[in-house]
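K.L.:
Pasting in a structure now, in structure tokens, and then I'll have a few things to ask.
The values are calculated or read from the model by the stated rules, or taken from the named source; none is laboratory data. If you're wondering where the values come from, they're calculated on a predicted model, not measured in any experiment. No Cβ is skipped: glycine too gets one built from the backbone with ideal geometry, and neighbour counts run over all protein chains shown.
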Amino acid sequence: MKTIGVIGGGIMGSGIAQVMAQADYNVILIEATASLCRKAEQRVSKSIDRSIEKKSLKKTDKAKLLKRIVCSTDIHDLKHSFLVIEAIPEKIKLKKQLFKKLDQALPSNVILASNTSSISISEIATSTKRPTKVIGMHFMNPVPAMPLVEIIVGKNTSRATLSTIKQLSKQCKKTSVVAKDAPGFISNRILVPMINEAIFCLQEKIGTKEDIDTTMKLGMHHPMGPLELADFIGLDTLLEIQEILYKGFKNAKYRPAPLLKKMVKAGKYGKKSGQGFYRYNKSRKK
């Protein structure tokens, strides 16, 4: 019960790996290539540095934490893990393929969790022969700083699996909420349509991007405006979630804003691409 696997060393996966290491777990971080492993390790190192700057970690913690995280390209290295958390792109086909592969490669007692922000856990579980041990663990970005983890219980997820994940969340110093397996769960069922509505406001020229963001920051006390937050999340990711909501509920109120679709088609994904609603240069908004 001391080893956890994390698949995907991007922003979310590397953050999850850091948090698990901080909770005294050994982490096997899986990436597709050795090159991606090196990038994931660098990402974790920089994230730990930020935590040190914010005084949530000590300088002496860094070497210890990095030693607990080992990156590999072989999923069979996860065989001694009691839990594997998937943090790959938000594509149902990719997730189901991965869970099928994990199900075949790992012992039947290993819990398989998805960091999905909108995809049905019950549907992901159908690609395995262990649906009672499939669960959602939706961490918030940036993982080391955000205190919430949204736990999603699938149709067949067992109480024992839920209990294990709730206890793990507590050990990671996260507050957990349990959500029904419905499109968007709790967090994105509320957040993404709000952002989508802000995009409609911009599209209809009800206000400038700055005025829309300022309204929500100063009027609603949000730490970040919805359009700025959209850039931070990734417009491509937002579109995927919005389309899942639209398809899942078959309700026009979840229709993605045409401007959002247009920007994604143009490759304007937000901060990660350098341009979204704002332009970015060396992580600074313009």
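K.L.:
What tally of residues in the stretch 217-232 results from selecting those that are outside any loop (DSSP other than H, G, I, E, B), touching a helix residue (DSSP H, G or I) at 6+ places or on another chain (Cβ under 8 Å) and crowded, with 21+ Cβ neighbours inside 10 Å?
P.N.:
4
K.L.:
OK, next. Within the stretch 177-187, how many residues turn out to be surrounded by fewer than 17 Cβ atoms within 10 Å (Cβ to Cβ), of a type outside the set (D, E, K, R) and assigned to a strand (DSSP E or B)?
P.N.:
Number of matching residues: 2.
K.L.:
Listed residues Thr161, Thr157; which is outside any helix (DSSP H, G or I), crowded, with 20+ Cβ neighbours inside 10 Å and either at pLDDT below 95 or of a type in the set (S, T, N, Q) (or both)?
P.N.:
The unique qualifying residue is Thr157.
K.L.:
Tell me, please, whether a residue that is surrounded by fewer than 20 Cβ atoms within 10 Å (Cβ to Cβ), under 21 Å from the mean Cα position of the chain (by Cα), closer than 26 Å to Ala182 by Cα and in contact (Cβ under 8 Å) with a residue 12 or more places away in the chain can be found in the stretch 248-256.
P.N.:
yes
K.L.:
Mind counting the residues in the stretch 119-134 that are within 17 Å of Ala182 (Cβ to Cβ) and either out of contact with any Leu (no Cβ under 7 Å at 6 or more places or on another chain) or surrounded by fewer than 23 Cβ atoms within 10 Å (Cβ to Cβ) (or both)?
P.N.:
Here the count works out to 8.
K.L.:
Turning to a different aspect of this structure: Any idea which of Ile190, Ile244, Ile206 is farther than 22 Å from Ile16 by Cβ, out of contact with any strand residue (DSSP E or B) (no Cβ under 7 Å at 6 or more places or on another chain) and in a helix (DSSP H, G or I)?
P.N.:
It is Ile190.
K.L.:
Still on this model: Hey, can you tell me all the residues within the stretch 261-272 that are modelled with pLDDT of 95 or more and in a loop (DSSP other than H, G, I, E, B)?
P.N.:
Passing the criteria: Ala266, Gly267, Lys268, Tyr269.
K.L.:
Which pairs turn up if I take residues in the stretch 204-232 that are in contact (Cβ under 8 Å) with a residue 60 or more places away in the chain and look for partners that are of a type in the set (Phe, Trp, Tyr) and in a loop (DSSP other than H, G, I, E, B) with beta carbon separation below 7 Å, at least 6 apart in sequence or on another chain?
P.N.:
Matching pairs, first to second residue: Lys209/Phe277.
K.L.:
Out of (1) among the hydrophobic types (A, V, I, L, M, F, W, C); (2) farther than 25 Å from Met137 by Cα; (3) outside any helix (DSSP H, G or I), the odd one out for Phe200 is which?
P.N.:
That leaves (3) as the condition not met.
K.L.:
From the list Ile16, Ile48, which one is in a helix (DSSP H, G or I), of a type in the set (A, V, I, L, M, F, W, C) and either more than 19 Å from Thr164 (Cα to Cα) or without any contact (Cβ under 8 Å) to a residue 24 or more places away in the chain (or both)?
P.N.:
Checking each option against the conditions leaves just Ile48.
K.L.:
Would you confirm whether any residue within the stretch 63-73 is in contact (Cβ under 8 Å) with a residue 12 or more places away in the chain, over 30 Å from Ser108 (Cβ atoms) and either within 22 Å of the chain's Cα centre (by Cα) or surrounded by 13 or more Cβ atoms within 10 Å (Cβ to Cβ) (or both)?
P.N.:
Yes, some residue in the stretch 63-73 is in contact (Cβ under 8 Å) with a residue 12 or more places away in the chain, over 30 Å from Ser108 (Cβ atoms) and either within 22 Å of the chain's Cα centre (by Cα) or surrounded by 13 or more Cβ atoms within 10 Å (Cβ to Cβ) (or both).
K.L.:
Could I ask something else about it? Run Tyr278 past the list (1) out of contact with any strand residue (DSSP E or B) (no Cβ under 6 Å at 6 or more places or on another chain); (2) touching a residue at least 40 places away in the same chain (Cβ under 8 Å) and report the number of the one that doesn't hold.
P.N.:
(1)
K.L.:
Do the conditions hold for Met20, that is, is it at pLDDT below 95 and of a type in the set (A, V, I, L, M, F, W, C)?
P.N.:
No; evaluated as a whole, the condition is false for this residue.
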